[in-house]
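What follows is one structure encoded as structure tokens, with my remarks underneath.
Coordinate-derived values only; no laboratory data. Given the structure is predicted, the values throughout are model-derived calculations rather than measurements. Backbone-built Cβ (ideal geometry, glycine too); neighbour counts: all protein chains shown.
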Amino acid sequence: MIRIFTALLFTVLMATTANAETIAKQLFGSKGTASAQRPAPFGGYAKGCLAGAAQLAETGPTWQAMRLSRNRNWGHPETIAFIERLSKKASRRRGWKGLYVGDISQPRGGPMLTGHASHQLGLDVDIWMLPPDRLNLSRNDRENLSSISTRRANGAFVNDRWTKQHMNILKAAAKDKAVARIFVFPGAKVEMCKRAGSDRAWLNKVRPWYGHHYHFHLRLACPKGAQGCVNQAPPPPGDGCADAQKWVDDILNPPPPSNTPSQPRRELVLADLPQQCASVLSSQ
Ligand SMILES: [Zn+2]
């Protein structure tokens, strides 16, 4: 009896160890549904997971979720509520029936098999730059339709697909208390800096980043009372326009490459994530 018990214990321990060292994106990438738990993000935007995710409806009155085959239309319930609010505002803009919503998170958050270092907490959401002119796209349409790029000169400037409606929607998002940061290409930020006039406080949340010309990225702050959710440090005070201009200058006149080689990032294993993420995975 004792021998059987010992053998059993050993097996369980081995399984646990193997699990802890398993590449996290394979574990989280294989889950097709949310965990039956109270909604809670654990960890940071690029190293965490999400319990009790809610699924964004594939089609709502003012949005459609795109690329459904990716199964990344899952988020914290507050993220879903935020998308509903912002898309309603967007739908009042000329030429916009609402929003085309790109990736949020996997059903249990966590690292992904492809793309994105962040989007792990159900608090990041990508919104397509393409203004939705219809909200009755089929599943197939949503796989095949492409967004539009709104940049030129490698992101130093906006192109003629960028409109003031883009700015108005980003502004509405930045003014939403739930939002911590918005990532968009440098030329878009500088363009908005030029046109903002005296109402500029919202620009603080809009930060220049690589890519982000086919979509912009909205990052929500940790919901109130979400213990174990790690906020990113807030951006430095001010409108951030000088910083964005520096990004643009560097695109136009690239500084000499630095000699320090960047370390390739190690794959996250389950043990790298907060311990609650193991139960997020094993929960029903
Ligand atoms: Zn994103």
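Using θ = phi - 60° and the Karplus curve 6.51 cos²θ - 1.76 cosθ + 1.60, what whole-Hz ³J(HN,Hα) does each residue of region 151-168 get, with Gly and Pro shown as x?
These are the phi-based 3J(HN,Hα) values: 10, 9, 6, 6, x, 6, 9, 7, 9, 7, 7, 6, 10, 5, 5, 4, 4, 5 Hz.
Please state the charge dipole magnitude for region 126-271, taken about the Cα centre, from unit charges on C-beta atoms (+1 on K and R, -1 on D and E), reported in debye and rounded to the nearest 20.
320 debye
For the chain, build the charge dipole from Cβ charges (+1 Lys, Arg; -1 Asp, Glu) around the Cα centre, then report which of 263, 201, 118 sits farthest towards its positive end.
The residue sitting farthest along the positive end of the dipole is 201.
When the convex hull of the Cα atoms of region 214-261 is projected onto a plane and the area is averaged over all directions, what value comes out in nm²?
Averaged projected area of region 214-261's Cα convex hull equals 6.5 nm².
Could you check how many percent of all C-alpha pairs in region 18-67 are farther apart than 14 Å?
Cα-Cα pairs in region 18-67 separated by more than 14 Å: 67 percent.
Rg and Dmax of the chain, Cα atoms, in Å?
Taking only Cα atoms of the chain, I get Rg and Dmax of 20.8, 78 Å.
Rounded to the nearest 10 degrees, what's the angle between the helix 186-195 long axis and the longest principal axis of the chain, both from Cα atoms, 0 to 90?
50 degrees
Can you compute 3J(HN,Hα) from phi for each residue in region 77-84, using the Karplus curve 6.51 cos²θ - 1.76 cosθ + 1.60 with θ = phi - 60°, rounded to whole Hz and x for Gly and Pro?
Result, ordered by residue: x, 5, 5, 4, 4, 4, 4, 4 Hz.
If you take every DSSP beta bridge whose two residues both sit in the chain, what share of them, in percent to the nearest 5, is antiparallel?
Approximately 75 percent, going by the DSSP bridge assignments.
Hey, any idea what the orientation-averaged projected area of the convex hull of region 16-130's Cα atoms comes to, in nm²?
7.3 nm²
Is there a pair in 97/189; 47/194; 25/246; 88/246 whose C-alpha atoms are over 32 Å apart, and which pairs would that be?
47/194; 25/246; 88/246
For the peptides 235-246, 144-155, what is the packing order when you average, over each peptide's residues, the other Cβ atoms within 10 Å and list the highest mean first?
144-155, 235-246
Relative contact order for the chain: what percent, with Cα pairs under 8 Å and sequence separation of 6 or more?
Normalised by residue count, the contact order of the chain is 22 percent.
222 nm [θ] for the chain, helices only, -39500 (n - 2.57) per DSSP H run of 4+, per residue, to 500?
Calculated from helices alone, the mean residue ellipticity at 222 nm is -9000 deg cm²/dmol.
Dimensions of region 112-233 along principal axes (Cα, Å, largest first)?
Computed over the Cα atoms, the extents are 43, 43, 26 Å.
Assigning unit charges at the beta carbon (Lys, Arg +1; Asp, Glu -1) and nothing else, what dipole magnitude in debye, to the nearest 20, does the chain show about its Cα centre?
720 debye
Hull surface divided by four, with the convex hull built on the Cα atoms of region 115-179: how many nm²?
The directionally averaged projection comes out at 6.4 nm².
Let me know the longest stretch in the chain that avoids all GluC sites (Glu not before Pro) found in a DSSP loop with at most 16 other C-beta atoms within 10 Å.
59-266
Mind checking Rg over Rh on region 161-258, alpha carbons, Kirkwood formula for Rh?
Reported Rg/Rh, Kirkwood definition of Rh: 1.00.
Using per-residue counts of other Cβ atoms within 10 Å, averaged over each peptide, order 201-211, 112-122 from highest down.
Put in order of decreasing packing, that is 112-122, 201-211.
How many nm is it between the label spots at residue 152 and residue 38, if each spot is 7 Å from the Cα in line with the beta carbon?
Going by the 7 Å Cα→Cβ label model, 5.4 nm.
Note down the net charge around residue 165, summing +1 for each Lys or Arg and -1 for each Asp or Glu among other residues with Cβ under 9 Å from its Cβ.
+3
Nearest 20 debye, what's the magnitude of the dipole of region 146-216 about its Cα centre given +1 on Lys and Arg Cβ and -1 on Asp and Glu Cβ?
My answer is approximately 140 debye.
So which trypsin sites (Lys or Arg not before Pro) in region 101-139 pass both tests, a DSSP loop state and at most 10 other Cβ atoms within 10 Å of the Cβ?
Hits after loop and neighbour filter: 134.
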